[in-house]
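Heads up, the thing below is written out as structure tokens.
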Amino acid sequence: MTLVRRHPMALALLALVLLSALQPLPALVDAATGAPPADADLVRPTAYTALAPLSNVLDALTFLSLGRAWALLIEWALALAAWGALRRGTLRQRLGRALFGPLALAALGGAALMLPRPVPRLVTADSSLTVIDYHAHTDASHDGRPGWTAEDLAAWHEAQGFAASYVTDHNVVFRRPIEHPIRLLPGVEWSVYREHILALGPVRPIDRARYNRDARALGALFAELHHQGALGVASLPEYWLNGWDDLEGFVADSVDGFEIVNCAPKALAFSTARRGAVAQLAAARDLLVVGASDNHGWGKVTCAWNLSSPSAHGYAANHVLARSIALAQGDWEPWTAAYTQPWLMLRSLSSSERSSWVTWILVILIYRAVPRRAGDPGGIGILARSLEMFRVRGPRA
């Protein structure tokens, strides 16, 4: 009971890590069906697993939808500030603790965006499939990270198991294909009449004003892309937010496919029900469905991969694989993020990650819980006792 009274947070976290194993979520699922893939898996580097508490927290912060990100940051910042202010101590100590919690949370958010770290890598057992990304940006886009070059983008993709990626900068045609470490393919993301359309393949500049007047003018863009030899894919979140009531209009205009997963915070709020409706429409009309990292140079991990088959066309040509925690974002109200995101993270842990969490919690708990003997160095606790037996003692006087 003394241990519970002195260290309730550590013991509660340990209990949550163990209980979450009773309701596990697969780390990776087919975005169209919700089933775990049979021919692909995520491989986690040793360093990623060894530092699983940090790795998983940074991933969970990366995979927040925009509304849930704001809710989580505000709610946790207020809770940490209140916890620090209400603890015993001088006014100066309480103010310091009240500021430390929110600042540490902000630092974690910055680390999720910028900190170099090991990331999971997709591997597939079928060598005939190409792991590809259909939507990514360099600093040529107005909202790309400054200095984020095509070489940086290729290295980012290669680390996560991609063999190829289209480069789809905003209204800027990509003209310098790269072969190593992965293939970067030509593309562009055209902003036309409240929509963003991915043009994939041998694209050329267009006069966007021709297609920017109304929905009818927008529809003519697909014919132009086909004339160039490119595919036209409707991107998230624009077709969901601005064209949801007229998806059949996209089909009538000869759209080639739809994004059903996009890792950008604005697009992660796309719900499972709507994703299923788009997948059902695409299957019925034999249209392509794709997933997108929508990488702009911010963040170190992706939430989606594509397994592309060169021998198939239309709906069967591509399978979208995605992280479960990312797909769940659209199914929870934003205000619940403070507790649902940590719970989703814990449920998504692999057995090795869960073991790492338990190990870290127990090591820290033992370090904090076991009292020091008189004369032991401050802050060492049980470690001082363990090292005592190795101390070289001189002869007695």
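The values are calculated or read from the model by the stated rules, or taken from the named source; none is laboratory data. The structure presented is a predicted model; accordingly, all values stated were derived computationally and were not measured. Cβ: placed from backbone, ideal geometry, glycine included. Neighbour counts: every protein chain shown.
Of note:
- Checking THR302 against (1) at pLDDT 95 or above; (2) of a type in the set (Ser, Thr, Tyr); (3) outside any loop (DSSP other than H, G, I, E, B), the condition it does not meet: (3)
- Among the candidates LEU225, LEU185, the residue that is in a helix (DSSP H, G or I) and not charged (D, E, K, R) is uniquely LEU225.
- Of the residues making up the range 150-192, those that are hydroxyl-bearing (Ser, Thr, Tyr), more than 29 Å from ALA47 (Cβ to Cβ) and surrounded by 19 or more Cβ atoms within 10 Å (Cβ to Cβ) are TYR166, THR168.
- Residues of the range 243-281 classified as crowded, with 23+ Cβ neighbours inside 10 Å, assigned to a helix (DSSP H, G or I) and of a type in the set (D, E, K, R), total: 1
- Remark: ARG92 matches the filter, which requires a residue to be modelled with pLDDT under 95 and either out of contact with any helix residue (DSSP H, G or I) (no Cβ under 9 Å at 6 or more places or on another chain) or under 30 Å from ARG347 (Cα atoms) (or both).
- Scanning the range 43-58 for residues that are in contact with a Ser or Thr (Cβ under 9 Å, 6 or more places away or on another chain) and part of a helix (DSSP H, G or I) yields ALA47, TYR48, THR49, ALA50, ALA52, PRO53, SER55, ASN56.
- Some residue of the range 145-163 being free of Cβ contacts under 8 Å to residues at least 24 places away in the same chain and of a type in the set (S, T, N, Q): yes
- Test: residue in the range 92-115 that is in contact (Cβ under 8 Å) with a residue 60 or more places away in the chain and buried (at least 17 other Cβ atoms within 10 Å of the Cβ): yes
- Flag: TYR211 does not match the condition of being surrounded by 21 or more Cβ atoms within 10 Å (Cβ to Cβ), out of contact with any His (no Cβ under 6 Å at 6 or more places or on another chain) and within 21 Å of LYS266 (Cα to Cα).
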